[in-house]
Every structure is written in C-alpha cells, then in structure tokens.
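See structure below.
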Amino acid sequence: MAQSSDQIKAAITAVGGYVPEDRLTNQDLEKMVDTNDEWIKSRTGIEARRILKDSTKATSYLAIKACENLLKKTQLDPKTIDLVIVATITPDLHVSATAPYVATQIGATNAFAFDVQAACSGFLYALSIAAGKIESGRYKKILVIGADKMSSIVDYTDRSTCIIFGDGGGVALMEPSTNNFGWEDEYFRSSGEGRNYLNMKAGGSLCPTTSQTLANRWHYLYQDGKSVFKYAVSEMAHAGSEIMKRNGLKNQDIKYLVPHQANKRIIEATAKRMNLEQDKVLMNIKDYGNTTAATIPLLFNDFEADLKKGDKLVLAAFGGGFTWGAALITWAYN
Ligand code: UT7
C-alpha cells in the first residue's frame, strides 16, 4: 500500500551487474538443435546469451561478481551490510543457501543472508522483502541480488527452451531514503496451478533423483511456452495497470516500464495493454536472453545512466510457480 510521509522509505541507492564473457549466439544454436536465427529473433527478440562455461563456477560466482561491481562503484564497506538476499532458482547447492556464501565471499561478515526462490519474479519479491526490512527501521543496508546460472538446468537438445535462457547476475543496494524517493507501492500475486506449466520435475522431495529421473531428463527445465506466454502477458499487464490506477498515474507520468526479460513479444504486449509507448520500455533481452532472477537488476545496471532522480518506474515480472507482480518506485539518485 502507498505510504504516509512520516514512515521510513526504502530506496535503491546503487546497482551492479555481471554477465560472463562467453556468448552463445543464435548461429551457435543452429548447430545444436533444429532452429534458425530468423525464428529465434522474430519469436523472442533474442540474438545471444552469455554462458558461464567454467564448470567449477556456479550462481554464487555471478552474484559475487555483480556485488564486487557495486562495491567498487560505491566504495561501500561490506562490513556495514546488514542483510544479503539472493533470488535464484539455480542455487550452488540444494541444501545450504547461496546467499551466506556470497555474503562471506564479499566480506559482508556482519550480515545475515538467505535465498528467495520465486523464479523470474525472485528479484522483485526479494526487493519487496528488503523494502519491508528497511521500512521497519531495524536494517540500514541490504544487498538484493538476482542471479541464475540457467545453463546448469537448460537442456541443450530441447529447442523450445535452450534458445531462451542465459546466465547473469545483478544487485541493488537498498537503504533508507534521504530524499523521499524510493519504494512506493507493490502488487504481488501467485498461483500454484503454474507449476504444471513451468518446472523441473525431479530432484525435489516430490520426485527424488533416481536412474529413471535421469533417463527421463527430468532434471532439466520444462516449460509449456505457449501457456506461460499467455499468463505472463495478462498478469504482468494487470499488475502493472493496477499499480498505476491505484496511485492515480497516467502513462505520461511513467518514465519507464522495467519488465522481466522473458520474450520481446511478451514485453511489447504487456506495455501495449498498459497503454505505455514502446520507447518507455527498457530492454536488453537481445544480448542476454532470459537470465531469470537477474533480468531486472541487469536492466538497472545497463540503463543506470538514463535513470534520473524522481523518475517513476513500474517494475513487472512473471515467473515459475506461478509468481508475478509489479512495483512502483521513484528512482532516488543520478
Ligand atoms: O520467464 C518466464 C518464463 N518463460 C517465459 O515467459 C517464456 C514464455 N514463452 C515463450 O516465450 C514462447 O512461447 C516460446 C519462445 C517458448 C515459443 O514461442 P511460440 O511463439 O509460443 O511458439 P510455439 O511454442 O507455439 O511454437 C510454434 C512452432 C511450433 O511448430 P508447429 O507445431 O507450429 O509446426 C514449434 O515446434 O515453432 C516451433 N518451434 C521452433 N521452431 C524453430 C518451437 N521452438 C522452435 C525453435 N526453432 N527454437
């Protein structure tokens, strides 16, 4: 809900990002599965993805590199960080969260740390958690990270999924606002029906690993793309429109829509339904593909120079679970 002015407001005060060097292009994929550059570009808007090829490195590496980028830019002492949240569906290990490892590696030795699993909405959900902690007055500096090594769960023989996903990590620092700009409102929802359409079937408590699950390739990401597409457009547009409506905002009041990067057509359809012109939509899907929890912080990082103090931004995401939602923020720094 919108806040009264005497409350502490949470604001993003710095961002960072990291994508691996190695590029997996549409031309590379043409050699791996029955697909072609034209199909991929016209159906998804993707031309390349970044892949963390080093098999000894995991999602924590992407998160750490993104944090190092932020720490270098801000000269922030990591010992002053209170909390580190990592949003991911590709944790380094299924038991032992990735966030404590990241916190230790970056020197955030006074922080507590945990992971959030909400797939492509993970970063937005984690931002909301962080905003609440800042608003409580108990915490002053929180790192919210979205990072996924999607190449670790993508089946590179399945043309319907391997063309979409890439690896990356992004981070935002949340602090109490000093200028009354920051986290304004949020609208989040979820639906358990979604797990039929987007999942990894085995390896969890429902279907532990056996030789049969391996033979069935159930340890890779599965998605019914068409269904996910329809839900994604209608729910992201609905959440984004709701948040504009209840804050009395018209399209001319919004500087940018900052949408999860799942598919260029999903993003464009969402903006159209929200009556937002396409030049108000931030996009980098062409170069990175869908990096799951990392898409929104990577947008912040790539477009940081274009974001100005006071700009009203609608953040929107949709992902596995299903999970989805939108948030309204006023950008707090130049
Ligand atoms: O981040 C949140 C989670 N994910 C998403 O939001 C992704 C949501 N879904 C999508 O982005 C799209 O549904 C896809 C990109 C996955 C697929 O695009 P589509 O326009 O929905 O294609 P489709 O699945 O309806 O397939 C159309 C045709 C099919 O052939 P037929 O049956 O019409 O002969 C597919 O077999 O395209 C074929 N096809 C391909 N052709 C060339 C599917 N994948 C490929 C491919 N290359 N990679």
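The values are calculated or read from the model by the stated rules, or taken from the named source; none is laboratory data. Being a predicted model, the structure only gives us computed values, none of them experimental. Virtual Cβ from ideal backbone geometry, glycine too; neighbours counted across all protein chains shown. SASA here: full protein model, heavy atoms, side chains in, ligands and nucleic acids out. Shrake-Rupley method; radii C 1.70, N 1.55, O 1.52, S 1.80 Å.
Share of antiparallel DSSP beta bridges in region 10-176, in percent to the nearest 5?
Numbers: 19 of 29 bridges.
Given both bridge residues lie in region 10-176, the antiparallel proportion sits at roughly 65 percent.
Determine the relative contact order of region 183-330: mean sequence separation of Cα pairs under 8 Å and six or more apart, normalised by residue count, in whole percent.
37 percent
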Q: Distance check, please: which entries in Lys79/Lys149; Lys226/Lys309; Lys72/Lys255; Lys9/Lys65 exceed 32 angstrom between their Cα atoms?
A: Lys226/Lys309
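Nearest 5 percent is fine: what portion of the DSSP beta bridges confined to the chain is antiparallel?
Numbers: 36 of 52 bridges.
Roughly 70 percent of the DSSP beta bridges within the chain come out antiparallel.
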Q) Largest first, what is the accessible-area ranking of Lys141, Lys312 with a 1.4 Å probe? A) Lys312, Lys141
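Run the numbers on the chain and let me know its relative contact order in percent, using alpha-carbon pairs under 8 Å that are six or more apart. Working shown, then result.
Values: 808 pairs, mean separation 84.8, N = 334.
For the chain, the relative contact order is 25 percent.
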Q. Can you list the residues of region 307-334 with backbone N under 13 Å from a point 7 Å past the Cα of Asp253, pointing along Cα to Cβ?
A. 312-314, 328-330
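Which of the helices in the chain, when you take each full DSSP H run, stretch at least 30 Å along the axis at their Cα atoms and have an average Kyte-Doolittle score of -0.5 or higher? Provide the component values of the computation, followed by the final result.
On the way: long enough: 225-246 (31 Å, -0.27).
Once both thresholds are applied, what remains is 225-246.
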(Q) Per-residue counts of other Cβ atoms within 10 Å, averaged by peptide: what ranking do you get for 203-209, 73-79, 234-240, highest first? (A) 234-240, 73-79, 203-209
Q.
Cut-off under 13 Å on the C-alpha distance; same-chain residues fewer than 8 positions from Lys57 excluded. Which aspartates and glutamates are left, in chain and number order?
A. Asp92, Asp148, Asp167
Q: May I ask you to derive the relative contact order of region 10-176, considering only C-alpha pairs under 8 Å and at least 6 residues apart, and to give it as an integer percent?
A: 34 percent
Q: Determine the dipole magnitude for region 10-176: charges of +1 sit on the beta-carbon of Lys and Arg, -1 on that of Asp and Glu, nothing else is charged, the reference point is the Cα centre, and the result goes in debye to the nearest 20.
A: 540 debye
**Q.** Rounded to 5, percent antiparallel among DSSP beta bridges of region 183-330
**A.** 75 percent
Q | Separation in nanometres of the label points that stand 7 Å from Cα toward Cβ, at Asp54 and Glu268 | A | 3.8 nm
Q. Which cross-chain or sequence-distant (5 or more) residues have an amide H under 5 Å from the amide H of Glu186, H modelled 1.01 Å from N in plane?
A. Leu328
